[in-house]
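Working notes for the structure below.
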Amino acid sequence: NDSAIWWYRSKILNKIGFDPLKELELTDNVIKTNLKSYQCWQHRKWVLRNMKKKPNDLNYLRQRLYEDTRNFHAWSYAIWLGEFYRMYDEVLNLTTEFIDLDKTNSSAWNARITLFKESKKDINEELIFTFTKITVDGGNESCCNHIRAIIAIESELISISIKKTREFLEKFPNDKSMLILLLHLLDKINDYSEHEKICSHLIKIDSLRKRYWKLVMKKDSKYV
């Protein structure tokens with residue numbers, strides 16, 4: 001069991017003492033051959049917690065992310081780094097860097113909203129940033145989910161979000177992600193005037209989920 005091996009290693013090292021830099025080097029060697037070794041990423045956190053002089057591991061993380069930009073374990077580590085060092089802005093900048101490479105990177109967006117809650121960044125600017133990414137070459141589910149998360153933090157931004165979503169759909173009326181977002185936003189303010197119309201359109205263009213949208217059209221709370 002890999003988890004047990006790493007656990008025993010940490011217990012033994014605590015007893016006999018160890019060189020943190022050499023232990024970081026070990027985790028580096030393991031992660032380079034297995035980027036998704038959850039246990040090794042966790043061990044790396046343990047090493048940093050036990051260092052008197054804590055290094056800034058952001059550059060190391062950046063290198064690993066360029067090897068696999070959607071690595072969920074690496075992005076979880078990014079969230080931990082941001083919280084551990086209280087360097088929210090620096091890690092948010094890292095998410096921007098990788099979202100610029102691929103605006104559908106859901107792992108980067110997830111890290112972004114998690115750390116945004118702890119940062120002092122302007123939520124209005126965050127909303128503008130997200131819509132800018134959507135309008136580059138079409139909508140995407142990751143951006144839309146981020147907007148939903150922003151609304152959950154600041155409900156007063158619903159109106160401007162609806163306005164911007166409508167503007168987008170005027171240009172791209174068949175964008176499924178944005179149609180779903182509009183449906184969600186209107187439901188949040190109890191405006192069901194377009195509910196049937198939007199669902200009918202989704203039934204036509206989202207054939208894989210046709211039955212689902214028929215159920216949503218009925219306003220069954222289990223499916224909205």
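The values are calculated or read from the model by the stated rules, or taken from the named source; none is laboratory data. In this text, all values refer to a predicted model and were calculated from it rather than measured experimentally. With ideal geometry, Cβ positions are generated from the backbone for all residues, glycine too; neighbour counts draw on all protein chains shown. Side chains included, ligands, DNA and RNA excluded: accessible areas come from the protein's heavy atoms. Shrake-Rupley method; radii C 1.70, N 1.55, O 1.52, S 1.80 Å.
Could you grab me the full set of residues in region 20-53 that are in a loop (DSSP other than H, G, I, E, B), more than 26 Å from the chain's Cα centre (by Cα) and either farther than 17 Å from residue 7 by Cα or of a type in the set (Gly, Ala, Ser) (or both)?
Those that are in a loop (DSSP other than H, G, I, E, B), more than 26 Å from the chain's Cα centre (by Cα) and either farther than 17 Å from residue 7 by Cα or of a type in the set (Gly, Ala, Ser) (or both): 51, 52, 53.
Taking the conditions exactly as written (part of a helix (DSSP H, G or I) and touching a Lys or Arg at 6+ places or on another chain (Cβ under 8 Å)), does residue 8 satisfy them or not?
Values: part of a helix (DSSP H, G or I): yes; touching a Lys or Arg at 6+ places or on another chain (Cβ under 8 Å): no.
Spelling it out, it is not the case that residue 8 is part of a helix (DSSP H, G or I) and touching a Lys or Arg at 6+ places or on another chain (Cβ under 8 Å).
A quick yes/no check of all residues on (1) hydrophobic (A, V, I, L, M, F, W, C); (2) under 24 Å from residue 190 (Cβ atoms); (3) touching a strand residue (DSSP E or B) at 6+ places or on another chain (Cβ under 9 Å):
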{"site": "90", "(1), (2), (3)": "no, no, no"}
{"site": "107", "(1), (2), (3)": "no, no, no"}
{"site": "120", "(1), (2), (3)": "no, no, no"}
{"site": "131", "(1), (2), (3)": "yes, yes, no"}
{"site": "138", "(1), (2), (3)": "no, no, no"}
{"site": "145", "(1), (2), (3)": "no, yes, no"}
{"site": "150", "(1), (2), (3)": "yes, yes, no"}
{"site": "160", "(1), (2), (3)": "yes, yes, no"}
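Can you pull out the residues in region 149-187 that are surrounded by 16 or more Cβ atoms within 10 Å (Cβ to Cβ) and charged (D, E, K, R)?
Matches in region 149-187: 164, 175, 176.
Of all the residues that make up region 54-68, how many are of a type outside the set (Lys, Arg), closer than 18 Å to residue 83 by Cα and outside any helix (DSSP H, G or I)?
Of the residues in region 54-68, 3 are of a type outside the set (Lys, Arg), closer than 18 Å to residue 83 by Cα and outside any helix (DSSP H, G or I).
In this structure, is residue 92 more than 12 Å from the chain's Cα centre (by Cα) and open to solvent by less than 10 Å² (accessible area, probe 1.4 Å)?
No.
Just name the residue that is surrounded by the most Cβ atoms within 10 Å (Cβ to Cβ) out of those in region 116-132 that are under 14 Å from the mean Cα position of the chain (by Cα) and in a helix (DSSP H, G or I).
130
Show the residue pairs meeting these rules: Cβ distance below 8 Å; 6+ apart or different chains; first residue within region 83-101 and at negative phi; second residue assigned to a helix (DSSP H, G or I) and open to solvent by 90 Å² or more (accessible area, probe 1.4 Å).
The qualifying pairs are 84/49.
Output yes when any residue across region 103-115 is in contact (Cβ under 8 Å) with a residue 24 or more places away in the chain and open to solvent by 80 Å² or more (accessible area, probe 1.4 Å), and no when none is.
Checked against the condition, which is being in contact (Cβ under 8 Å) with a residue 24 or more places away in the chain and open to solvent by 80 Å² or more (accessible area, probe 1.4 Å), region 103-115 yields no hits at all.
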